[in-house]
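So the structure is just underneath, and the comments pick up after that.
Bear in mind that the values in this text are calculations on the coordinates, not laboratory data. Since the model is a prediction, treat every value here as computed from it, not as a measurement. We place every Cβ from the backbone using ideal geometry, glycine too, and count neighbours over all the protein chains shown.
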Amino acid sequence: MEQGEQPRQAAAGEDAREAVPSGECRGDLLLLDNDQRIVGLLAMFMERAGFAVRTAASFAEARLALAERQPDLLLSDLDLGQESGRVELPRLAAEGLLPPTLVVSGYLDAELEEELTALEGVRGTLPKPFDFPQLMGRVEGLLGELNREAELAVVAGGGQDSVPGDELGAASEAAQEDGWMEVVPLEPEALRPWEGTPAVSGPEGVGEEEL
């Protein structure tokens, strides 16, 4: 972390985050910073908020942690003494090791932000100084975006419950014997570009779903 920089404690009246019940994990985080005092504060705050937290004091340590397990989100400082995030983050990205990343730095400007966010994996930046509610807002926002993208990817890929076309007839006939599913041919004008794909509905036409 850049010298002299530290997150501000939330002032009185600001949003206070309560500890999450034991056993409930909101996400897996990796904190990368060479200032152990700041890392300790951030780790304590995020763990209280319900996150699983690992820490690394250098990009070498981070590389080992990433090879062991990819976090949901990496929070990375840029200036780690002998190491620079402007050099190491692109290396991790080129090697396919860079997870979704929030870059935290006091040296951000428009040019640097553009350079960083052009990297595959870097999802945003957070300027210093910041307070804990600001950090929590960014972390929650990014994890929410990632979850929505994952859900859309499942839908676009057909999901685990999609039925291959050559098995649709057999599956529908077997289900129809139990009286809970029927195959309903689509009207010609309703056919999509893949003509002939039937729609499946529950009893009395409730819950119609196109496969």
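The Cβ shell under 9 Å around S76 holds other residues with a net charge of -3, Lys and Arg each +1, Asp and Glu each -1. From most to least packed by mean Cβ count within 10 Å, the peptides 71-81, 112-122 give 71-81, 112-122. Rounded, prolate or oblate for region 28-156? Axes are the square roots of the Cα gyration tensor eigenvalues, ordered a ≥ b ≥ c, and the cut-off for rounded is a/c under 1.5. It is rounded, given that a/c, with a ≥ b ≥ c, falls under 1.5.
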